[in-house]
Amino acid sequence: MARQIDLNCDGGESFGIYRLGNDEEMMTQVTSISIGCGFHGGDPHVMRKTVAMAKKYDVAVGAHPGFPDPIGFGRRKMEITPEEARDYILYQVGALKAFCEAYGIALQHVKPHGQLYNMAWTDEKLARSILEAIREVKPEPIFLALYNTMPYGIAESMGMRVAGEFYADLEYAPDGTTFIKRTHGDIDVDQTVSKVVRMVVEGKVTASNGQDIEVRGRSICFHGDNPKGPEIVKAVKEALQKKGEAILPLWKQFKS
């Protein structure tokens, strides 16, 4: 039986007159999209248009809630309480879910954004508050998370549906986490394709110290604000299909 893998991108992160990413080009290739919910990026109009576009291309929709930090694109650290984190998640996911309902589509997953997510890797109270907020959303969405991090393990212990995520265009640290980028620079497409195929097929990636580490996942993340995003996801998709991988959104994977 072929392995099943989802291709997801972060998108819907434009704001007002400012345009970011290649949402429509990416949606012709991916099976899922994590949409900015108005805090780090996105606004009500962008959220609506992105949900409508996802429906047009039959792409599953997830929420990508982050810190209220549009200037820093949610990639700067903020000191918040667990209660504030819970409210931030519920507020943002609830807004996107309303747009999904308006267009008659389901909210597939929740994937925290940027530093809100990174800080939860080492802060148990923050991680639990994020997960508790996700559990309050009905029907409960899938939690999309980096394998071998604290939130991933806690979600499993809570009996939540959790999907591991590979990162196509980020470098891995020896502990299995990734290095956050404020902006995306030039990237070698062929090298990235080889890296992703190895992660999916062998479950391994070379970390920043040159050592191989174990990785697991059901979904591959491609950043919509990467200038080469559309080119990378198309090349990865073709390479995986040649390997016999089944490209499916997360909801279909959990259903099968």
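The values are calculated or read from the model by the stated rules, or taken from the named source; none is laboratory data. Here the structure is a predicted model, which means the values were calculated and not measured. When we count neighbours, we look across all protein chains shown, and the Cβ atoms used for this are built from the backbone with ideal geometry, even at glycine.
Taking into account only those residues within segment 143-160 that are among the small types (G, A, S) and either touching a strand residue (DSSP E or B) at 6+ places or on another chain (Cβ under 6 Å) or part of a strand (DSSP E or B) (or both), which is surrounded by the fewest Cβ atoms within 10 Å (Cβ to Cβ)? Of everything passing the filter in segment 143-160, A155 is surrounded by the fewest Cβ atoms within 10 Å (Cβ to Cβ).
Of all residue pairs spaced 6 or more apart or on separate chains, those with beta-carbon atoms under 8 Å, a first member in segment 26-54 that is more than 19 Å from V233 (Cα to Cα) and buried (at least 22 other Cβ atoms within 10 Å of the Cβ) and a second member that is aliphatic (A, V, I, L, M) and modelled with pLDDT under 95 are G41/L20. Residues in segment 90-128 that are surrounded by 23 or more Cβ atoms within 10 Å (Cβ to Cβ) and among the small types (G, A, S): G114, A120, A127. Can you tell me which residue within segment 175-193, out of those that are surrounded by 13 or more Cβ atoms within 10 Å (Cβ to Cβ) and of a type outside the set (A, V, I, L, M, F, W, C), is modelled with the lowest pLDDT? Filtering segment 175-193 for residues that are surrounded by 13 or more Cβ atoms within 10 Å (Cβ to Cβ) and of a type outside the set (A, V, I, L, M, F, W, C), the one modelled with the lowest pLDDT comes out as H184. Condition check for K97 on (1) more than 22 Å from F166 (Cβ to Cβ); (2) in contact with a Pro (Cβ under 8 Å, 6 or more places away or on another chain); (3) modelled with pLDDT of 95 or more: one failure, at (2). Taking the stated definitions as given, is L131 surrounded by 17 or more Cβ atoms within 10 Å (Cβ to Cβ) and in contact with a strand residue (DSSP E or B) (Cβ under 6 Å, 6 or more places away or on another chain)? Spelling it out, it is not the case that L131 is surrounded by 17 or more Cβ atoms within 10 Å (Cβ to Cβ) and in contact with a strand residue (DSSP E or B) (Cβ under 6 Å, 6 or more places away or on another chain). One residue alone among D6, D58, D23, D10 is under 26 Å from G217 (Cα atoms) and without any contact (Cβ under 8 Å) to a residue 24 or more places away in the chain, and that residue is D58. Would you mind telling me which numbered condition in (1) under 30 Å from A246 (Cβ atoms); (2) surrounded by fewer than 20 Cβ atoms within 10 Å (Cβ to Cβ) D87 fails? Result: D87 passes all but (1). Taking the criterion of being out of contact with any Lys or Arg (no Cβ under 7 Å at 6 or more places or on another chain), farther than 19 Å from V162 by Cβ and of a type outside the set (G, A, S), would at least one residue in segment 100-118 satisfy it? Yes: one or more hits.
Against the numbered list (1) surrounded by fewer than 20 Cβ atoms within 10 Å (Cβ to Cβ); (2) farther than 19 Å from A60 by Cβ, E140 comes up short only at (2).
Segment 161-256 holds strands (runs of 3 or more DSSP E) entirely within its bounds, and those carrying 2 or more residues that are farther than 18 Å from S34 by Cα and not hydrophobic (A, V, I, L, M, F, W, C) map to 204-206, 212-214.
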